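Here's the structure, in structure tokens; my notes come after.
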Amino acid sequence: MSNMQLKNPILRWIEYRLPIFSFLDDSLGSNYPAPKNLNYWWNFGSLAGIALVLQIVTGIVLAMHYVPHVDYAFDSVERIMREVNYGWFLRYLHANGAALFFLVVYVHVFRGLYYGSYKYPREILWWLGIVIMVLMMATAFMGYVLPWGQMSYWAATVITNLFTALPWVGVNITEWLWGGFTVGNPTLNRFFSLHYVLPFAIVGVVFLHLWALHQHKSNNPLGIDIKGPQDTIPFHPYYTYKDLAGLGVFLLVLAAFVFYSPNYMGHPDNYIPANPLQTPAHIVPEWYFLPFYAILRAIPSKLGGVIAMAASIFVLFLLPWIDTSRVRSTKFRPVYRYFFWFLVIDVIVLGIVGAKPPEGIWILVGRLATLYYFVHFIIIMPFVGWFERPLPVPDSIHKPVLVSAGAAAVEAQR
Amino acid sequence: MTSAEHGHGGEMPRRDFLMVATGTVAVVGAAAAVWPLVDSMNPASDTLALASTEVDLAPIAEGQSITVQWRGKPVFVRYRTADEIKQARDIDATTLPDPKRDEERAQNPKWLVLVGVCTHLGCIPLGQRSAEPRGDFGGWFCPCHGSHYDTSGRIRKGPAPENLQVPAYTFLNDTKIRIG
Amino acid sequence: MKRFIRAAAIAALVVTTNAAAFAAGDDVKNPTAQGWSWDGIFGKFDRAQLQRGFQVYKEVCAACHELRYVSFRNLTEVGFSEAQSKAIAASYEVIDGPNDEGEMFKRPGRLADRIPAPFANEKAARAANNGAAPPNLSLITKARHDGSNYVFSLVSGYEKPPASMKVAEGMNYNPYFPGHQIAMAPPLEDGKVQFADSTAATVKQMASDVTAFLTWAAEPGLEARKRLGFKVMIFLLVLTALFIAAKQKVWRDLH
């Protein structure tokens, strides 16, 4: 518990009855010890939290002007853009903020992959993170449907049709999702309801994520455990200020998109009202779904594609067991290091394939990239961890004295 | 973002110029960022544009009232009888709770145009139809909390603080007005 | 830190190339880039051009295309005075009602009205135009890839079809249109309109003026967005610099 001394009598009065200040101090203040060697890749966690808050705040105000009805949805969005004071600003913030939120979260996930943040004792922390990511995807998908443009409508149609791949009950489930025989007004209404409520579910899981984080504290670039107070520094002011510096850069990037290229990450077809009788020539999801979309299309079977796409995320849950390495941080893994970057490139290739029409060479590239994605997790990760000889790992964060790899391995497993 | 100002703990940075400047700029930015959220809840430009309604007076008989909608609110238009005009003008306006002379409220004594919203808490007063109670002063009566308005729409008795509001209107010709 | 910047730069590059992948199309001719007054960080519309563009819309496009989200009151943003906008509005007949008899009636337009559509509904538009409904133009530059250049290229880029191609009855050849066959006949010819400011009404001139007007119509807030954006970027640069300086100071104390 914090031994904080409040000078202000009003704060002291509150603290005595509701110890909220010491709670904050313990959770992200000067009484929360963090490894002293966190690098800038560790900024992306708090950045994701801020992005979530930004989405919720802009979303609540947008919901005050939006009308979830097939006849009015598109017009109400245009009304936000033209008539509502600062409506264009709020909508562009919300749309571009969503895309950057995914960018931040993906960097956060790859950071966890690189430094072995999913390994003992942070397995639940990692799972909760994956749950957040899946909830984000559901939320973003349903949010994209709300403007009721051509891309909205056909994204909703294609994604909900994935469920028809389920044997026997597929059609029933899909019609249940739609509330009709096609994507229509009931679908739009329920998507709006869920798009509004799911972010608060995400907030709930974020709290669990932080709770699990605080149990064993942050992992760090060396991937070794905190040995004592000499290895840590208080979260505040050191990481609060470091996070603020990162936040400034994030806001600059976001503002550059919002003010100077607000539709860059969007698609022109979504400025055409939904037309259930005509599909656009090329339908592509938002960029943050492209790798998954490529995996879906890589399998030449309807059910197979759906299973592969689900598996591409599910496999992440299994990482704590798949990874047989004795050390956490890829920094000390001379072989796996290359495979990590291959995986990054592979996911980028999948993203590019997802944006291309499924013809010619792209079909083959998509299949190979999909294959490699699963080979990485199912074959490379366990085997490399098994035969690889890690580099010598420092004794402690405070004293980067090298010890033998064997001793470090014992350390990492403890 | 907030905890920069707390001066506790051993390793806190001292409040020097850089920290104060950073905190100030951040707070100013946060405050400015809140404005678009607040302003977006103000009436939008299309709402503001729907500001005028035209009313044809020709079909209204003497002693009769009609209700039209303007900016979503009811507007009472009454063709007053000579007796009603006399009642409205004979009284010494300075003795009223909200002292206004009838001459200030009706451009043409025959026609009284009022926003039909009780100035107490926003109910719609009765008295537009002949069967409805018109209160003790022959004008309108608000059933919610018992406010009585006279034949000029002035508050005479009850909790309402002000007279019924007169909207901005102009006579386009003898039988047509534009409200707003 | 260096590694971090390098990785971030790679990521940015990836996002750029990735998004550029959207641009891939079939054999449609890419619109020719024009250099517009509203491009760039300080881009602004040219009011005289917008007014000429409105005239082209009104006298040429409006016969078939609606401008759904634009109201007469918005014309003051194009540089017309309020009196001019009112006069323009009054020159249109709009349908209002129902009146006390329950009938819809026509009356002169007012500032609060939207610019009336040429057809009562999409089916009527389709029926009057050989089955091809002319699209709503108020979002056209945002609803097409590289919209402003596309609109300019399309309306000014009609050509004779190549010998190998048979153009269907009632269709016209346009290399910028997906499939190359478009139901819209070439809308512009030199001198089609008489500009009040005596600008010569060449096809290119009218095409670029109407493009400007439609770009404005698609995003009337464009100038406000760029103006606010500049202030916000300056502010955020200062704030970020302060954050970084404060971080450096805090961490310097540590070492």
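The values are calculated or read from the model by the stated rules, or taken from the named source; none is laboratory data. No experiment lies behind these values; they were computed from the predicted model shown. Quick reminder, even Gly has a Cβ in these numbers, built from the backbone with ideal geometry, and neighbours come from all protein chains shown. Accessible surface is based on the protein model in full, side chains and every heavy atom, while ligands, DNA and RNA are left aside. Shrake-Rupley method; radii C 1.70, N 1.55, O 1.52, S 1.80 Å.
Evaluating 6.51 cos²θ - 1.76 cosθ + 1.60 at θ = phi - 60° for every residue in the range C:133-149, the Karplus couplings come out as 6, x, x, 4, 8, 6, 10, 4, 6, 9, 8, 10, 5, 6, x, 5, 5 Hz, glycine and proline recorded as x. Surface calculation, 1.4 Å probe, protein heavy atoms: residue A:62 sits at approximately 20 Å² accessible. Using the Cβ-Cβ distance between residue C:249 and residue B:170 with R0 = 41 Å, the FRET efficiency computed as 1/(1 + (r/R0)^6) comes to roughly 0.05. Taking all protein chains together, C:100, B:150 sort by accessible area into C:100, B:150, largest first [probe 1.4 Å]. Compared with its chain on its own, the range A:261-279 contains the following residues whose accessible area drops by 30 Å² or more in the full protein assembly (probe 1.4 Å; ligands, DNA and RNA excluded): A:264, A:268, A:271, A:272.
Residues whose amide H comes within less than 5 Å of that of residue B:157, counting only those at least five positions distant or on another chain, are B:148 (H built at 1.01 Å from N in the peptide plane). Based on protein heavy atoms only, the range B:48-179 ends up with 50 Å² per residue of surface accessible to a 1.4 Å probe. Taking B:144, B:118 and ordering them by how much accessible surface each has at a 1.4 Å probe, largest first, produces B:144, B:118. Relative to the dominant Cα principal axis of chain A, helix A:240-260 is inclined by about 20°. Rounded to the nearest 20, the size of the Cβ-charge dipole of the protein assembly as shown about its Cα centre is 2540 debye, with Lys and Arg at +1 and Asp and Glu at -1. The apolar share of the surface of chain A, taken as the fraction of accessible area on carbon and sulfur atoms (1.4 Å probe, ligands and nucleic acids excluded), comes to 73 percent. Helix C:203-218 axis versus longest C-alpha principal axis of chain C: approximately 70°, rounded to the nearest ten.
Rolling a 1.4 Å probe over the protein chains gives residue B:41 an accessible area of about 120 Å². Residues of the range A:1-50 whose accessible area, computed with a 1.4 Å probe over protein heavy atoms, drops by at least 40 Å² once all protein chains are present relative to their chain alone are A:40, A:41. Heavy atoms of chains C and A lose about 4400 Å² of accessible surface on contact, summed over both sides with a 1.4 Å probe. In whole angstrom, note down how far apart the Cα centers of the range A:50-112 and the range C:75-129 are. Taking the Cα centre of each part, the range A:50-112 and the range C:75-129 sit 32 Å apart. Solvent exposure of chain A, expressed per residue, is 44 Å² of accessible area, with all protein chains present and a 1.4 angstrom probe.
Model label sites at residue A:203 and residue A:371, defined 7 Å from Cα along the beta-carbon direction, differ in position by 4.7 nm.
Take residue A:173: with every protein chain present and a 1.4 Å probe, its accessible area is about 50 Å². Interface A-B: total buried accessible area of about 1900 Å², 1.4 Å probe, protein heavy atoms only.
Element breakdown for chain C at a 1.4 angstrom probe: carbon and sulfur atoms account for 57% of the accessible area. Counting only cysteine Cβ atoms and a cutoff under 4.7 Å, the protein assembly as shown contains unmatched residues C:61, C:64. Which FRET efficiency value, to the nearest 0.05, do you get for residue C:95 and residue A:194 by plugging their Cβ-Cβ distance into 1/(1 + (r/R0)^6) with R0 = 56 Å? Efficiency, rounded to the nearest 0.05: 0.90.
Taking all protein chains in place and a 1.4 Å probe, what share, in percent, of the accessible surface of the range B:48-179 do carbon and sulfur account for? Numbers along the way, then the final one.
On the way: 3340 of 6590 Å².
Of all accessible area on the range B:48-179, carbon and sulfur atoms account for 51 percent.
With a Förster radius of 25 Å applied to the C-beta separation of residue A:378 and residue A:120, the computed FRET efficiency comes to 0.75. For the chain pair C and B, the buried solvent-accessible surface (1.4 Å probe, both sides summed) amounts to about 1200 Å².
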